[in-house]
1. Along Cα→Cβ, 7 Å out, is where each label goes; now give me the distance between the ones at Asp106 and Gln7 in nm to one decimal.
2. Using only Cα positions of the chain, each an equal point scatterer, no hydration layer, compute I(q)/I(0) via Debye at q = 0.12, 0.13, 0.16, 0.22 Å⁻¹ and quote the log10 values to two decimals.
3. Can you spot the aspartates and glutamates whose alpha carbon is less than 12 Å from Lys91's alpha carbon? Ignore those fewer than 8 places along the same chain.
4. To the nearest 10 degrees, how steep is helix 85-95 against the longest Cα principal axis of the chain, on a 0 to 90 scale?
5. How many Å² of accessible area per residue for the chain, probe 1.4 Å?
6. Counting only protein heavy atoms, what percent of the accessible surface of the chain is carbon or sulfur at a 1.4 Å probe?
Amino acid sequence: DKNQLIQVFLNLAKNAVEAAQGSADIIITTAYERGVRFSVRRDNEHVHLPIVIAITDNGDGIPKELMPNLFDPFVTSKANGSGLGLALVAKIIDDHGGLVECDSVDSRTTFRVMMPVFK
């Protein structure tokens, strides 16, 4: 669903801009990674997710205590946040057969969306 995927990437880009505050350094990259396969928990099968879209910001990073539950509803570090944005991102990407992950170290946070090829 094109509109849902647009919503995902607008949400991730908006979060990156808000996190970077002031002198924002937002990097968006795309890649096609051949041969990379993942074991997916839901079916314990290997799936090919070669399309990778990554959004990196130079904000303060995500607190370590939030990382294990980052994609759960109502988890947020924002004063006025609802905690629904990343939960919705994860749901939409999962519905499309993909995965989303996050790495946050010091002042570099990267959200990586991995998707299958549309057939």
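1. Taking the two extended label points, one gets 3.7 nm.
2. Log10 I(q)/I(0), no solvent term: -0.44, -0.51, -0.78, -1.39.
3. The reachable aspartates and glutamates, counting only those whose Cα sits under 12 Å from Lys91, are Asp72.
4. 0
5. 65
6. Heavy-atom surface of the chain belonging to carbon and sulfur, 1.4 Å probe: 53 percent.
The values are calculated or read from the model by the stated rules, or taken from the named source; none is laboratory data. The structure presented is a predicted model; accordingly, all values stated were derived computationally and were not measured. Here Cβ is always computed from backbone atoms with ideal geometry, including for glycine, and neighbour counts include all displayed protein chains. Remember, those area values only see protein heavy atoms, side chains included, never the ligands or the DNA or RNA. Shrake-Rupley method; radii C 1.70, N 1.55, O 1.52, S 1.80 Å.
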